[in-house]
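For reference, the structure discussed in these notes is given below.
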Amino acid sequence: MSVSKNFSAYRGRTVLITGGLGFIGSNLAHKLVELGGVEVILLDALLPDQGGNPFNVESVRDRVKIHAANMCDDWAVNHLVGGVDYIFNLAGSVSHLDSMLFPQRDLELNCAAHLALLEACRNFNPHVKIVFTSTRQVYGKPLYLPLDEQHRLSPLDVNGINKLAAEHYHLLYHRVYGTRSVCLRLTNTYGPRQLLRHNRQGFIPWFVRGALLGEEIELFGEGRQKRDMNYVDDVVEALLLAGADERCEGEVFNLGGDEPVMLSELAAELISMTGQGSVRCTPFPPERQLIDIGNCYSSYGKIESALGWRPRTPLQEGLRRTVDFYREHGRHYLTQDERTVS
Ligand SMILES: NC(=O)c1ccc[n+]([C@@H]2O[C@H](COP(=O)([O-])OP(=O)(O)OC[C@H]3O[C@@H](n4cnc5c(N)ncnc54)[C@H](O)[C@@H]3O)[C@@H](O)[C@H]2O)c1
């Protein structure tokens, strides 16, 4: 991992990561273990169809504590939050499509679970630091680009609405009870340890999978939508910076990538990098068209001014590291029939 900042604030501290067996949570856990001197606790319910995967922490298994529990479970959460210094609150359901198919479930995972966590903090650790991972989906269809934090908030799907509500819960508990919350609005994040089994958790891992298996990568429309992307190490760095800095409490920050890229360009890059795969343009499925936001990318100017964060991993390098990871470990992320990754 290329992060070179000094994260000494975490030394001798106890850190709880909710969603810690998932994609971003497990990468954060690896970084904290690498920093040394940090007690790392992971809470994860390994919910079906989400990115939780025990293999994600295989190599640090003896240096983290794992609690298999749902954050909605008051008893479990009440017992966990008491002694911790930092909470990285990453548990959640990522799929926008699923949120439209199963809105009550999204409400439970992206709202009720967070209220349960915040209530536990209010009762047992009111001044704990919490970094919450929100999404740039809270803006909805962009009125202008890049999106900054002043942009109108008008989510286009149930997931965006619930993530926005959860942001507000965190900010409310900060204002009223002194919980030291900060919210980061993530953009498309990619890298090792991300779910590859289905295409409802974002297009990047799905494209990576298609290229690795030499399959067709489907581009909706002609794949001309422009998106920004962050390599997961850069997101981990932002989380740690936000956790360590008191000045950002009560604030909301965008993350964002450097250069927006067309989806067709991303697919072409992966096909050329792996030497296999192809693209097929296909009309948008109606259920996706209804919640599509078109071109979308964020400005990271606010967090750059406040915390000195900017994305540091060029797309090609990030994709290379991602492809290398799955070439070595793909069998832990694919089904039995798909396991010959070349
Ligand atoms: N990956 C992205 O591109 C992206 C973009 C924007 C925002 N985010 C946000 O970042 C966070 C992490 O995303 P990710 O990509 O690592 O997702 P992920 O699916 O890989 O990991 C989420 C983990 O949370 C766990 N979980 C969910 N609800 C839970 C609950 N109630 N109790 C216990 N565990 C629970 C799941 O089992 C899973 O392991 C999410 O909140 C997501 O909304 C991610």
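Bear in mind that the values in this text are calculations on the coordinates, not laboratory data. Note that the structure is a prediction, hence the values are computed from the model and not measured. Heads up, the Cβs are rebuilt from the backbone with ideal geometry, glycines too, and the neighbour counts pull from every protein chain shown.
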*Inter-site label distance for R152 and R105 at 7 Å from Cα along Cβ, in nm*: 3.2
*asked:* For the pair A268/Q316, report the inter-label distance in nm, with labels modelled 7 Å from Cα in the Cβ direction.
replied: 1.4
*asked:* Can you list residues from other chains, or at least 5 along the same chain, whose modelled amide H is less than 5 Å from the amide H of E218?
replied: R280
*Pop out the ³J(HN,Hα) list for segment 294-299 in order, Karplus 6.51 cos²θ - 1.76 cosθ + 1.60 with θ = phi - 60°, rounded to Hz; leave Gly and Pro as x.*
x, 5, 7, 7, 10, 8
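Just subtract the alpha-carbon distance of A306 and V176 from 0.36 nm times their residue separation and send over the number in nm, one decimal. Spell out each step's value before the answer.
On the way: separation 130, 0.36 × 130 = 46.80 nm, distance 2.37 nm.
Here the answer is 44.4 nm.
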*Report the paramagnetic label zone for R280: residues of segment 177-217 whose backbone N is under 11 Å from a point 7 Å from Cα along the Cα-to-Cβ axis.*
215-217
*Have a look at the DSSP beta bridges in the chain and tell me what percent are antiparallel, nearest 5.*
5
*Can you give me the Cα centroid spacing of segment 84-145 and segment 173-244 in angstrom?*
15
*asked:* To test your reading of the geometry: what angle, between 0 and 90 degrees and rounded to tens, separates the Cα axis of helix 203-212 from the longest principal axis of the chain?
replied: 50
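Once the mean 1/r over all distinct Cα pairs of the chain is inverted, what Kirkwood radius in angstroms do you read off? Don't skip to the end; give the middle numbers.
Numbers: mean 1/r = 0.0497 Å⁻¹.
The answer is 20.1 Å.
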*Other-chain or far-sequence residues with amide H under 5 Å of N230's (modelled H)*: N188, T189, Y190
*Hey, what angle do you get for helix 263-274 against the long axis of the chain, alpha-carbon based, 0 to 90 degrees rounded to 10?*
80
*Helix axis angle, 113-124 relative to the chain longest principal axis, alpha carbon, degrees*: 20
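Can you give me the relative contact order of the chain as a percent, contacts being Cα pairs under 8 Å and 6 or more apart?
Relative contact order comes out at 18 percent.
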*Treat each spin label as a single point 7 Å out from the Cα along the C-beta direction, and report the R197 to N123 distance in nm.*
3.3
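Measure up K65/K302; K31/K163; K65/K226; K31/K302; K65/K129 against 31 Å on the Cα-Cα distance and list the ones that go over. Write out the running numbers ahead of the final one.
Details: K65/K302 34 Å; K31/K163 25 Å; K65/K226 40 Å; K31/K302 24 Å; K65/K129 19 Å.
The answer is K65/K302; K65/K226.
Write down the percent of antiparallel bridges among all DSSP beta bridges whose residues are both part of segment 173-325, to the nearest 5. Numbers along the way, then the final one.
Numbers: 2 of 14 bridges.
DSSP beta bridges in segment 173-325 are roughly 15 percent antiparallel.
State the extension gain, in nm to one decimal, for the chain segment bounded by R288 and H79, taking 0.36 nm per residue of separation less the distance between their alpha-carbons.
Values: separation 209, 0.36 × 209 = 75.24 nm, distance 4.02 nm.
Length gained between R288 and H79: 71.2 nm.
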*Is any residue of segment 295-330 close enough, with backbone N under 12 Å, to a label point placed 7 angstrom from the Cα of E259 along the Cα-Cβ axis, and if so, which?*
314-317
_Can you pull out the GluC sites (Glu not before Pro) in segment 152-221 whose DSSP state is coil and whose Cβ has at most 16 other Cβ atoms within 10 Å?_
E215
*In whole Hz, with x marking every Gly and Pro, tabulate ³J(HN,Hα) for segment 168-174 from phi via Karplus 6.51 cos²θ - 1.76 cosθ + 1.60, θ = phi - 60°.*
5, 4, 4, 6, 5, 5, 5
*Per-residue HN-Hα couplings for segment 80-86 [Karplus 6.51, -1.76, 1.60; θ = phi - 60°; Hz; x = Gly/Pro]*: 8, 6, x, x, 9, 8, 9
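What longest range of the chain stays clear of loop-exposed trypsin sites (Lys or Arg not before Pro) (DSSP non-H/G/I/E/B, at most 12 other C-beta within 10 angstrom)?
Numbers: sites that count: K5, R11, R152, R339.
Here the longest run is 153-338.
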